[in-house]
Every structure is written in structure tokens, then in C-alpha cells.
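Let me begin by presenting the structure, written as C-alpha cells, before commenting on it.
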Amino acid sequence: MNRPLLSLQNCQTYDQAGVDVAIRRLLEPLGSISNFVRPGHKVLLKPNMLSCKDPGQAATTHPAIIEAVAKLCVEAGAQVFIGDSPPSIFGRTEDFWNRTGFATAAANSGARLLCFENDDKQRLSFVSNGRELAVYATRHCFDVDLVINLPKMKTHNLTRITGALKNLFGLLPGLAKAQWHKAFPRPIDFSNFIVDLAQQLPCHLTIMDGIAAMDGQGPSGGRVVNPGVLLAATSPVTVDIGFCAVVGLDPAEIPMLARCRELGWGPVTLQQVEMAGTPLAELKFSDYRVPKLISTSFIPEWLLNYGRRLAWAGPALLPNLCIKCGRCQKICPADAIEISDNGATFNKDRCISCFCCMEVCPVDAIEMKTSVLLGLIFKMRGLKRKLRKRKN
Ligand code: SF4
Ligand code: SF4
């Protein structure tokens, strides 16, 4: 059986001319853009537009990547659309487009920007975590001939990474996304949901922006690092396996990829992938910090029931930064936030540790904190893992 193909390309710059060349090279092993786009096609580009931030903050897909891909599609004779739905739009969508550079990318390439919030939705029915679900996705992704997924290489406090699979969650418009966090508060269940949902959504090609990436407390307030890599594959699973390989993560420790393995969707390990382009050895990035899994699955049930306050991981305020805008309160699916003169306060009894508040905070005034006991459990697990590695 043919192994899925993963294309890797070294690229250290967001200089547009350099990115244009790198994207062309990246797509060559996959048959170039003409293998996907035909004259007259409608193509939807789905970048990550998580928050209203400058491209240099690495919270969003860099506009140079969007522009390069859009220009290739236009050259191939397609009508191109660029669209995403951030966790919630506070303020005008145009402000997001301008600040992230998406508006410039669209103007320079001839693409049209779409706002999923205002348009028709398509109902999807499927089972996830043993429940029958009705989920509404933007109709745009079903109305086009081709969806090109353009994720950013980032960490995520809840799911550990937010790459190709998780980027498709943005095809669900608006505030509904926060409610799915409430429906599946455990990181493992939420990760299962993301994968089960991704299987229902069209995605023909994925190109990941890892030139600059975010690690630490992603997906919004982490550290900007520079792996200098672009990844492409037809399957988002293959790209996320490649993401893990570049930053030295074991795919088995990423719940979304563990779910893919359960479903038999895509490759399980890098050994099952055929690689092309820049050799992986030249791209390995050693200093990538990934949040621990805040999984309750390893905490005994009695501790969960009686000691939730003791074994707790959740948001904490950096009071000096808080501008009391109230966005965190509006997005919180658990109604766990109050805003006073001192800024935001978090009700630990209500909080489901989804970290939606962190994602929408415009000034990164929220950080993740763990209780002493949970910190100790993390340390013990880290120690165990090190010992296991040494043994092997
Ligand atoms: S924590 Fe952030 S989102 Fe919440 S009120 Fe303060 S500044 Fe706004
Ligand atoms: S306080 Fe923040 S982390 Fe807790 S439930 Fe609300 S949005 Fe999620």
C-alpha cells in the first residue's frame, strides 16, 4: 500500500518573494497546485484567524502564506475565497482582516474575504463520544470545489497542539465553538470530538505555516519561536504527524492523533509516511515547549469528585494587564467569569478549563495555572516518562 506523502520545505523568511518560491517547491512533490485546482474551480482557503493580532505574534497564519497559495490558485484559473471564524468576533470582522494582514493578502491575490458568521450553515449529524450530535458548519466549505487548510504551527493548553486537524474547527461559525467545549470538557473527549468533526468536513490539501510558530501557553499567549518550516499533505493527519516529527513530539501523546489511530484514519507514526523536500534532519526543532495534558483521565475518580479544587488547572489573571474589556466573560461557556474594578475573576467551581478565555483575551492577561497537587502529578508523570525512555 502506498504511504501518504508529506512534503517539507525549509523557509526562514516571510519575505513574499521567498515564500512564493518556497510554497511552489513545497507543492512540487504533491504534483503542484495543478494537481488540485482546475480552471473555474471555487477554492476556499481556511487559515487560522484566532485573534485580532499582528502576524508577528504568531497567533494567526501569516498573510504571506495565504497570499502565496491564493496567487497560485488564481493562476490556475480558480475563484478564491479566504475565510475563518475566530472563537468569537468581538468588534468588526474587518478589524481582524486588517490587523492579521488577511485583507492585504486578499487584495494582492484577487481573493475574496468571507465572514462565516453571516452566511448559511449546513447541519452535520454524527456520533462522537457515544452521543448523537447535530453540528452546524459554514455552507461555504460545501459550496466550493476545494478546501485548502492553512493552519499555524501552535501549541494549545487543552489539546497540546493546534495544527491541521484543530484548524478545521474554525469552519463552525461563531460562539457555537465555545459551547462544544462545554459539551466535552475533558481534553480527551474534546480531542475526540475535533477528530470526529474533522472527518465530516471537506479538506483536500493542508499547508502548515511553521516558519514562525507558537509554543508554551498557546494558542494565543505563547512564545514565538522560529522552526522555519512549511509542511504539506493531502491529509491533515499526515501534516500533524509531520508537525510532531519536526518538534520532537510523540504522536501517541497527542489525544487528537490517538483518536485518529483508533479510527484507522491516516498514518499512526512517521514511519508510515513518505517524506519529500527538505530532509527532516535539517528541520528538527529541539526547543519546542508543549503544555502538559490537563487530562482528568489519569486522576482517580475519588480525587476528581472530592478534590477538584486540589487537582485544578485553569486560568489565572495577570491583573496589571487586564483592561476589563469583558471578552473573556462573554465567551466563557461555563459562566465562570466576573468582571469587577479589579479585572476578571474566575470561579473555580464552575470553570471547565477550556481556556476559551485565554484565546479571546486581546492583551494576553490570562495565563494557565495549576494547583500544587496537579503540578506534583505532572512532575511525577514527567519523571516516569524519563525513566521509561532511559530503560528503552
Ligand atoms: S482578562 Fe482579558 S479578556 Fe478578560 S476582561 Fe481582562 S483584558 Fe478583557
Ligand atoms: S473561565 Fe476560562 S477556562 Fe474556565 S470555563 Fe470559562 S472560558 Fe473556560
- When both residues are 6+ apart or on different chains and their Cβ atoms are under 7 Å apart, which pairs have a first residue that lies in segment 274-292 and is at negative phi and in a strand (DSSP E or B), and a second that is of a type in the set (Ser, Thr, Tyr) and modelled with pLDDT of 95 or more? 276/7
- Determine the pairs where a residue that is closer than 20 Å to residue 286 by Cα, located within segment 217-244, has a partner that is of a type in the set (Phe, Trp, Tyr) and outside any loop (DSSP other than H, G, I, E, B) with Cβ atoms under 8 Å apart, the partner being 6 or more residues away or on another chain. 231/243
- Message: I'd like to check something: does segment 14-27 contain any residue that is outside any helix (DSSP H, G or I), at pLDDT 95 or above and touching a strand residue (DSSP E or B) at 6+ places or on another chain (Cβ under 9 Å)?
- Response: yes
- Quick one: in segment 344-369, of everything that is surrounded by fewer than 18 Cβ atoms within 10 Å (Cβ to Cβ) and either within 10 Å of ligand 1 (Cβ to nearest atom) or in a strand (DSSP E or B) (or both), which residue is modelled with the highest pLDDT? 345
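Scan segment 321-339 for residues that are more than 9 Å from ligand 2 (Cβ to nearest atom) and touching a residue at least 12 places away in the same chain (Cβ under 8 Å) and jot them down. Spell out the reasoning first.
Kept after step one, since they are more than 9 Å from ligand 2 (Cβ to nearest atom), are these residues of segment 321-339: 321-327, 330, 338-339.
Within segment 321-339, 321, 322, 323, 324, 325, 326, 327, 330, 339 meet the criteria.
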- Among the numbered conditions (1) out of contact with any strand residue (DSSP E or B) (no Cβ under 6 Å at 6 or more places or on another chain); (2) crowded, with 24+ Cβ neighbours inside 10 Å; (3) over 30 Å from residue 285 (Cα atoms), tell me where residue 94 comes up short. (2)
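Every residue, every condition in (1) assigned to a loop (DSSP other than H, G, I, E, B); (2) in contact with a Pro (Cβ under 6 Å, 6 or more places away or on another chain); (3) not assigned by TED's automatic domain parsing to the domain that holds residue 84, yes or no:
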| site | (1), (2), (3) |
| --- | --- |
| 203 | yes, yes, no |
| 206 | no, yes, no |
| 210 | no, yes, no |
| 214 | no, no, no |
| 218 | yes, no, no |
| 232 | no, no, no |
| 245 | no, no, no |
| 252 | no, no, no |
| 265 | yes, no, no |
- Can you pull out the residues in segment 181-198 that are surrounded by fewer than 21 Cβ atoms within 10 Å (Cβ to Cβ) and part of a helix (DSSP H, G or I)? 182, 183, 188, 189, 196
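The values are calculated or read from the model by the stated rules, or taken from the named source; none is laboratory data. If you're wondering where the values come from, they're calculated on a predicted model, not measured in any experiment. Because the Cβ atoms are built from the backbone with ideal geometry, glycine has one as well, and the counts that use them run over all protein chains shown.
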